[in-house]
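Here the structure is laid out as structure tokens; the discussion comes afterwards.
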Amino acid sequence: MIDKSDLLAVPVFVGLPDDQIAWFISQAEELHFKSGDTYFRQGDPADAMFVIMEGQLQGRGEIGGETIMFSMKPGDVTGVLPFSRMKQFTVGARALTDATVLRFPSSLFPDLVQKMPELAQRLVGLMSDRIRETTRIEQQRDRLASLGKLSAGLA
């Protein structure tokens, strides 16, 4: 069972008041996965934020015709975040090892923003970092595609 000290080990929760941490835990669902279990699929409704507590997970999906893969580890926060416009998960995710994950429903984001404004601000920062990284990957892919066309034209 996840307790306050476990959640305070997650970087975005560090330093938050105990009562706020207790509220978050009381609203989240603790999920356990065995190695190989899928915990969401590409195209599923984006209806929750996930906090990885234990284990290793992998995200995988097709974006713009290209397969992407990334790993998730304890302390990572994934899924939909407050203020995100994501309606469906753009990738799927599965457990690479036995894993424990906290699932926080997006329907409670208005309460989270009101009760935990500092966490909400940190999650917006996390979302901004994701947007920057996605943009960087897309720009790199576009440059490589342009280079390929140039090379083909020269040949």
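Computed from the coordinates by the stated procedures, all read-outs in this text should not be read as laboratory data. Note that the coordinates shown come from a computational prediction; the quantities given were computed from them, not determined experimentally. Heads up, the Cβs are rebuilt from the backbone with ideal geometry, glycines too, and the neighbour counts pull from every protein chain shown.
With charges set only on the Cβ (+1 for Lys and Arg, -1 for Asp and Glu), what does the dipole of the stretch 1-130 come to about its Cα centre, in debye to the nearest 20?
Taking the Cα centre of the stretch 1-130 as origin, the dipole is about 360 debye.
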> How far is the Cα center of the stretch 83-105 from the Cα center of the stretch 1-77, in Å?
Replying inline: 6 Å
>> Taking amide H atoms as placed 1.01 Å from N in the peptide plane, list the residues 5 or more away in sequence, or in a different chain, whose amide H sits under 5 Å from that of Tyr39.
In response: Ala93, Arg94, Ala95
> Using 0.36 nm per residue, how much length does the chain from Val113 to Lys4 gain when fully extended, once their Cα-Cα distance is taken away?
Replying inline: 37.3 nm
>> For the chain, take the longest principal axis of its alpha carbons; what is the angle in degrees between that and the long axis of helix 117-154, to the nearest 10 within 0 to 90?
In response: 10 degrees
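Once you have the Cα-Cα distance between Asp18 and Lys73, take 0.36 nm times their residue separation minus that, and quote the gain in nm to one decimal.
17.4 nm
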> Going toward the positive end of the dipole of the chain, with +1 on Lys and Arg Cβ and -1 on Asp and Glu Cβ, which of Met69, Leu112, Leu16 do you reach last?
Replying inline: Met69
>> Whole-Hz ³J(HN,Hα) for each residue in the stretch 50-60, computed from phi via Karplus 6.51 cos²θ - 1.76 cosθ + 1.60 with θ = phi - 60°, x for glycine and proline: what do you get?
In response: 10, 10, 7, 9, 8, x, 10, 10, 9, x, 8
> For the chain, what is the relative contact order in percent, using Cα pairs closer than 8 Å and at least 6 residues apart in sequence?
Replying inline: 27 percent
>> Quick check: pseudo-label points 7 Å beyond the Cα along Cα→Cβ at Ser146 and Gln42, how many nm apart are they?
In response: 2.6 nm
> Among the listed pairs Lys34/Lys73; Lys4/Lys115; Lys34/Lys115, which are separated by more than 23 Å between their Cα atoms?
Replying inline: Lys34/Lys115
